[in-house]
1. Going through ILE312, ILE346, ILE365 one at a time, which residue ends up being assigned to a helix (DSSP H, G or I), touching a residue at least 40 places away in the same chain (Cβ under 8 Å) and on the phi < 0 side of the Ramachandran plot?
2. Give me the residue from region 220-250 that is of a type in the set (A, V, I, L, M, F, W, C) and open to solvent by 40 Å² or more (accessible area, probe 1.4 Å) and, out of that set, modelled with the highest pLDDT.
3. Inspect region 167-177 for any residue being β-branched (Val, Ile, Thr), within 30 Å of GLU265 (Cβ to Cβ) and either assigned to a helix (DSSP H, G or I) or open to solvent by 70 Å² or more (accessible area, probe 1.4 Å) (or both) and give the result as yes or no.
4. Filter the helices (runs of 4 or more DSSP H) completely within region 65-146 down to those with at least 1 residues that are of a type in the set (A, V, I, L, M) and open to solvent by 50 Å² or more (accessible area, probe 1.4 Å).
5. Applying the selection to region 11-46, what residues are at pLDDT 85 or above, surrounded by 21 or more Cβ atoms within 10 Å (Cβ to Cβ) and small (Gly, Ala, Ser)?
6. State which residue is most open to solvent (accessible area, probe 1.4 Å) when the search covers only region 180-215 and only residues that are β-branched (Val, Ile, Thr) and under 21 Å from THR63 (Cα atoms).
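The values are calculated or read from the model by the stated rules, or taken from the named source; none is laboratory data. The model shown is predicted, which means the values in this text are computed figures rather than measured ones. Here the Cβ positions follow ideal geometry from the backbone for every residue, glycine too, while neighbour counts run over all protein chains shown. These accessible areas exclude ligands, DNA and RNA; they are computed on the full protein's heavy atoms, side chains included. Shrake-Rupley method; radii C 1.70, N 1.55, O 1.52, S 1.80 Å.
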Amino acid sequence: MAKLQVGNPVTGKNFIGREEEIKYITQLLQMGQNIVLIAPRRYGKTSLVLEILSKMHAQKQYTAFIDFFSVPSLKILSSQITESVLKNRKLDKIFAQTKNSALAMIQNLKMKTAIEDFEFIIEFSNQKENDWELLEKSIDFIDHFPGKYNMNMFCAFDEFGDINKLDGNKIVKLFRSRLQRHKKSTYIFSGSYESVMSGLFIEQKAPFYRFARIINLGKIEKQKFLTFYKSHLATQGINCDEKLLIKILDFTDGHPYYSQLALQEIIIYNALNKKNPDIKKVIESMLNAEKNYLEKSWEELSKRKELLKTAIAVAENNKKIYSSLKNSGINISRALKSLTMNGMLIKTPTKYEFSDPLFKYWIEINVLKKYN
């Protein structure tokens, strides 16, 4: 059975669409242009970044990937940066195995060569080492290491908005001061919450103001998913009516995560029932799979009355929000901006809409019936 991962980053054959985005971003990176990639969660940012880096690595370019979401401390961040850079010379596993022992590092001939050029690496074995100094050296290592081999580096910081959890302004200033001096490296910064990324890159007083090109990642064309659906179902020996697939993709509306989840539910239903589900069964299965996430999203939304009312108004009629809320006593523009900045809503040229189609449907069936 062919694998179909849902919720984890994917590359290669399971990576769907984004050809235009890949070409555009790759071209900018090769010109030395830093990139900021912003999109709601579950829109495939990490998969896109990994796919771009994979293609660059295949072209013998140096690459690095650092996930801020999974980093709990400064030292672990320094270690993750150093290990990712060393991976370009296949030294990452040796580093991971020896970093806690200076003797083990020195005794390994391959690691010893790297230490001779970059002595800070041995400092990972020193428990008393200043974490800030180690981080500063690790950041510069991104740029200095490829310079030794006359190479350029393409480095991605995933969920960069989470940088504030480590030490707020101090770490942001450190990264800004070091990265602006780098000559051999080009960066991709990705983030989920537009409000956080705006405070880092977009606002005039932002520390990284005009440091990078801003790219907002949208949905994926339904036709690309339809082609993938047919191909993947064929490998499973499943013959599914195209009309059903189109109905499903109309519901998921080009949302990367839910489009993948719906396909997974079709395959599971077939395995258990030896037949195809209808659209109602697919949606019910998706709601059941995402029950905890959807209820938690509603709980968070309910903490602010003006956001709650505005979200309900968008779910009811996204083209007449102001008229439906004009006597509500809330600041509608402020609420819409807040919901957009936190990634719940997307502003199109003609309307506001939910970035999460399943959450919108959950509101319709669980909440709106209570308000009508």
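1. ILE312
2. So in region 220-250, the residues of a type in the set (A, V, I, L, M, F, W, C) come out as 220, 225-226, 228, 233-234, 238, 240, 244-246, 248-249.
Going one step further and asking which of them are open to solvent by 40 Å² or more (accessible area, probe 1.4 Å), we end up with 234, 246.
Details: ALA234: 92, ILE246: 95.
Only one residue fits best here, namely ILE246.
3. Taking every residue of region 167-177 in turn, none turns out to be β-branched (Val, Ile, Thr), within 30 Å of GLU265 (Cβ to Cβ) and either assigned to a helix (DSSP H, G or I) or open to solvent by 70 Å² or more (accessible area, probe 1.4 Å) (or both).
4. On the way: elements: 74-86, 92-98, 102-107, 109-117.
Passing ranges, in order: 74-86, 102-107, 109-117.
5. Across region 11-46, the qualifying residues are ALA39, GLY44.
6. So the residue we want is ILE214.
Residues are listed down the side, and each one gets a yes or a no for (1) touching an Asp or Glu at 6+ places or on another chain (Cβ under 9 Å); (2) closer than 21 Å to GLY343 by Cβ:
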site	(1), (2)
LEU174	yes, no
SER190	yes, yes
GLN204	no, no
LYS222	yes, no
ASP250	no, no
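Yes or no, residue by residue, for (1) charged (D, E, K, R); (2) in contact (Cβ under 8 Å) with a residue 12 or more places away in the chain:
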{"position": "ASP92", "(1), (2)": "yes, no"}
{"position": "ALA96", "(1), (2)": "no, yes"}
{"position": "LYS99", "(1), (2)": "yes, yes"}
{"position": "LYS110", "(1), (2)": "yes, yes"}
